[in-house]
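A.B. asks: The structure follows.
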Amino acid sequence: MAGRPREFDYDQALEQAMRVFWSKGYEGTSMPDLTDAMGMNRPSIYASFGNKEELFRKALERYAENAQAFFREALNKPTVHESVSAFLCGAATSFACPESPRGCMAVQGALACSDDAEAAKLEAMGRREDVVKVLLERFERGVAEGEMSKDTDINGLARFFTAIVQGMSVQSAGGATCDQLRAIADNALKALPV
């Protein structure tokens, strides 16, 4: 007679999977890494989350929800300068936070992958592109409110600041301190045409 299946906290298990993928990347993460972190066996993971690729997608979605909430809050400041400053400085603090893996999961998780991991790579690329969209929305508002000139290349500016924050993620993964990341943010802010 089979016993009752052990209950688990779906959100907690997904959080643990997210941290493993964030720390080790998609291809660097093994199923034993996931079973250990999540406290679940393979069949239970497959039944609850799908295969490794699907679990990565769900973990990246969870990460992106949190990141998007932060970005939207930061970019909702009264001025473009305050918004971009909050965005970059908040990223610096987050990327260097000792309680979390370093950097950004969307950058670190699946930047360079084999052909077998193409779906994970594309999913991460899509999440990185979301950052461009959020910045672009803020710059469009800056133009509409007269804070930025109508001839400002807001598309180029959104990509520029996305590249800065992605570079900060890489620097963080390489050991850069919060102060060093904030210095990058301060220098990048000088390029803001407001």
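A.B. asks: Which members of segment 8-64 meet the condition of being aliphatic (A, V, I, L, M) and under 22 Å from residue 170 (Cα atoms)? Outline the logic, then answer.
C.D. replies: Filtering segment 8-64 for residues aliphatic (A, V, I, L, M) gives 13-14, 17-18, 20, 31, 34, 37-38, 40, 45, 47, 55, 59-60, 64.
Correct list: 17, 18, 20, 59, 60, 64.
A.B. asks: Return the only residue of 39, 103 being at positive phi, over 22 Å from the mean Cα position of the chain (by Cα) and of a type in the set (Gly, Ala, Ser).
C.D. replies: Among 39, 103, only 39 is at positive phi, over 22 Å from the mean Cα position of the chain (by Cα) and of a type in the set (Gly, Ala, Ser).
A.B. asks: Confirm whether residue 124 is surrounded by 15 or more Cβ atoms within 10 Å (Cβ to Cβ), at pLDDT below 95 and over 20 Å from residue 90 (Cα atoms).
C.D. replies: It is true that residue 124 is surrounded by 15 or more Cβ atoms within 10 Å (Cβ to Cβ), at pLDDT below 95 and over 20 Å from residue 90 (Cα atoms).
A.B. asks: Could you list, in sequence order, all residues of segment 145-174 that are of a type in the set (Val, Ile, Thr), touching a Phe, Trp or Tyr at 6+ places or on another chain (Cβ under 9 Å), in contact (Cβ under 8 Å) with a residue 24 or more places away in the chain and crowded, with 19+ Cβ neighbours inside 10 Å? Write out each step before concluding.
C.D. replies: Narrowing segment 145-174 to residues of a type in the set (Val, Ile, Thr): 152, 154, 162, 164-165, 170.
Next cut, touching a Phe, Trp or Tyr at 6+ places or on another chain (Cβ under 9 Å) only: 152, 154, 165.
Retained after the next criterion (residues that are in contact (Cβ under 8 Å) with a residue 24 or more places away in the chain): 152, 165.
Hit for segment 145-174 is 165, nothing else.
A.B. asks: Still on this structure, please answer the following. Report, by residue number, each residue of segment 117-156 that is closer than 16 Å to residue 21 by Cα and either among the hydrophobic types (A, V, I, L, M, F, W, C) or out of contact with any helix residue (DSSP H, G or I) (no Cβ under 7 Å at 6 or more places or on another chain) (or both).
C.D. replies: Answer for segment 117-156, where residues must be closer than 16 Å to residue 21 by Cα and either among the hydrophobic types (A, V, I, L, M, F, W, C) or out of contact with any helix residue (DSSP H, G or I) (no Cβ under 7 Å at 6 or more places or on another chain) (or both): 117, 118, 119, 120, 121, 122, 124, 125.
A.B. asks: In addition: Closer than 20 Å to residue 74 by Cβ and in a loop (DSSP other than H, G, I, E, B): does that describe residue 100? Working first, answer last.
C.D. replies: Numbers: closer than 20 Å to residue 74 by Cβ: yes; in a loop (DSSP other than H, G, I, E, B): yes.
Judged against the criteria, residue 100 is a match.
A.B. asks: Return the total of residues in segment 47-69 being touching a helix residue (DSSP H, G or I) at 6+ places or on another chain (Cβ under 7 Å) and either under 22 Å from residue 27 (Cα atoms) or surrounded by fewer than 15 Cβ atoms within 10 Å (Cβ to Cβ) (or both).
C.D. replies: Taking segment 47-69 as the starting set, the residues that turn out to be touching a helix residue (DSSP H, G or I) at 6+ places or on another chain (Cβ under 7 Å) are 48-49, 52-53, 55-60, 62-64, 68.
Going one step further and asking which of them are either under 22 Å from residue 27 (Cα atoms) or surrounded by fewer than 15 Cβ atoms within 10 Å (Cβ to Cβ) (or both), we end up with 48-49, 52-53, 55-60, 62-64.
Selection size over segment 47-69: 13.
A.B. asks: Also: Being free of Cβ contacts under 8 Å to residues at least 60 places away in the same chain and under 27 Å from residue 134 (Cβ atoms): is that true of residue 34 here? Spell out the reasoning first.
C.D. replies: Values: free of Cβ contacts under 8 Å to residues at least 60 places away in the same chain: yes; under 27 Å from residue 134 (Cβ atoms): no.
No; evaluated as a whole, the condition is false for this residue.
The values are calculated or read from the model by the stated rules, or taken from the named source; none is laboratory data. Model, not experiment: these values are computed from the prediction. Positions of Cβ are backbone-derived with ideal geometry, glycine not excepted, and every protein chain shown enters the neighbour counts.
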